[in-house]
Amino acid sequence: MKLLKLSFLLAGCLAVQTAQADLVIVVHPSMNESITIDDISRVYTGRSSVLEPVNLSDANPIRGAFDEKALGRTSSQIKAHWSKLVFTGKGSPPKEFASEEEVLNYVANNEFSIGYVDSSKVSSSVKVLHTVK
Amino acid sequence: MKYIIIVLLFCLPTTLQAVDFKVSGYGSIVGGKVVSGDLDPSGEIEFQVDFYDYAYYVEDWAWDKESLVALQMVASINNRLDATIQLVAKAADEWSPDIDWFYLTYKLNDSSKIMAGRRMLPMYYFSEYMEVGFAYPWIRPPANLYWWEITQFNGLTYLYNFELGNWNLDFSAFMGEETQTNIKSHDFWRNRGGYYFPPAGVYISGTADVSWSDIIGVNLAAANDWLDIRASYFSTRYTTTSDVMFFDELDSNGDGIADAVIERRTNPDGTPIRSGQWSLTDFDLSFYGLGGSMYFKYATVLFDYNYVTYDDGYGSRFPTFYVSAIYNHDTWQPYVGMSQAKLKITEDFDGFGTGEAEEHQIITLGLRYNVMANAALKFELNKFKDKGDRSPWYDFSYHNDATLFSVALDFIF
């Protein structure tokens, strides 16, 4: 029961944090193609492979905000979707990084990759594609 | 031996540096208890949850019917070839791990690949991942639809993926075969009159061997940002052999009326009498299905319509469907569902008549609570109703009405 209460509390904290996040979607500086939010949603749900998406790990509150605001589904729905693809051999989920610095570093060094970070963390090594409020 | 293989598989990544390994897994701890219902012929109030594994709940709590844990390993042998193995340990098999799947995936190009080996048979909308509880809202896909003895097959699958405007399309063609031996589920059908119509109160035990040969089929799946839809078709040769029983009617005084009935189930050496060359089923089966998911802002609707035909003397047809709606709150997902299955006899065989021979329905009410990003707790109530016992048709395969309460913890890693 204590565990249950604790998880409620944790879930509550996460909800508060995600509500405040303002995130930006970033690509390699050389990217000149126009990429819509729909394209991003397709890339992050395995329906398109034109770009290599990278994710933040579950522990990072930005992840939940991205899933909800950019992909329009909750993190657990996205997880359920990927588990279906993984366990039928039809796809593997995006690479995950623990920190936004790692995401920026990966995107800055991989021409066709796409990632997202909190707007306060963005650096000039990447190109900002969209701001998701 | 199995444990040695598992240990080896875990150690391999450290010894074979050149091969890229990915390990993931899923599991479910499921408990259930029948809360109300009618007695079935064996004297229990049963709720069938898994026909092919013969899993059912009674009025006592049980945790060993559907609980399982699975480990998937994908080894990238080179940039075109992957090997996938899935080990599944089920509580029903005393947690002894089995290699459920083993297949090789060869990438022909960016959009097409070939899979060779043992995989799930793409039948119903949820068939390919029916054991991955985390991937769907309920504790289990509707048990009166997902009842076949065969759920996997050995063979080849060709997959072609392409994009068309907003849509992502997946075409697959597959062929293969599968045989399952010593299936207990046939007790269930036979004891309730499925094949032999034994006299009331006669309860026999035995097993069956089922083979689906010449499986050949196609799937087409299309998805956009709110709709995911899938059409499937396959055909196969369905053969069953089983333990059988005979009733020898003896007429000692020759008046045309049997004076004694002798029941025979075993050979003189005590072994069960098998149907042998005389198959209980030996006909072509065709499967047609259309299923999908619709995603709205706060709700998801899932549906599946299926039609199975037997090329048997009775022209058996099985129209089945289910529909389910889920409300998506952040962490709470309440859901409702309804599934219905029917058997229709469409050809008059030897004056047997035509009509509806079986009909049952499951109504589901449940709640999924996403405890963590990779774990969900579920509570579910299922109400099973046998609707097939109306005149002039007696029930082909009687199921007792029952209500089941179950809880599950589904996780992935």
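Pairs B:K113/B:K378; B:K65/B:K387; B:K344/B:K383; A:K69/B:K90: which are spaced more than 32 Å apart, C-alpha to C-alpha?
Values: B:K113/B:K378 36 Å; B:K65/B:K387 26 Å; B:K344/B:K383 23 Å; A:K69/B:K90 38 Å.
Exceeds cut-off: B:K113/B:K378; A:K69/B:K90.
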Pseudo-spin-label distance B:N267 to B:N154, built 7 Å along Cα→Cβ, given in nm, is 2.5 nm
Sorted by chain and then number, the residues having a modelled amide H within less than 5 Å of the amide H of A:S49, at least 5 places away or on another chain, are none
Quick note on B:M73, B:M123, ordering by fewest other C-beta atoms within 10 Å, gives B:M73, B:M123
Rounded to one decimal in nm, the spacing of the 7 Å Cα→Cβ label points at B:T403 and B:D330 is 3.3 nm
Taking 0.36 nm per residue of separation between B:S252 and B:L290 and subtracting their Cα-Cα distance, the length gained on full extension comes to 7.9 nm
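Kindly provide the chymotrypsin sites (Phe, Trp or Tyr not before Pro) of the stretch B:288-377 that DSSP labels as loop, not H, G, I, E or B, and whose Cβ sees at most 13 other Cβ atoms within 10 Å. Numbers along the way, then the final one.
Working: sites: B:Y288, B:Y295, B:F296, B:Y298, B:F303, B:Y305, B:Y307, B:Y310, B:Y314, B:F321, B:Y322, B:Y327, B:W332, B:Y335, B:F349, B:F352, B:Y369; in loops: B:F296, B:Y298, B:Y314, B:F349, B:F352.
Passing sites in the stretch B:288-377 are B:F296, B:Y298, B:F349, B:F352.
Coordinate-derived values only; no laboratory data. No experiment lies behind these values; they were computed from the predicted model shown. Note: ideal-geometry Cβ built from the backbone for every residue, glycine included; neighbour counts use all protein chains shown.
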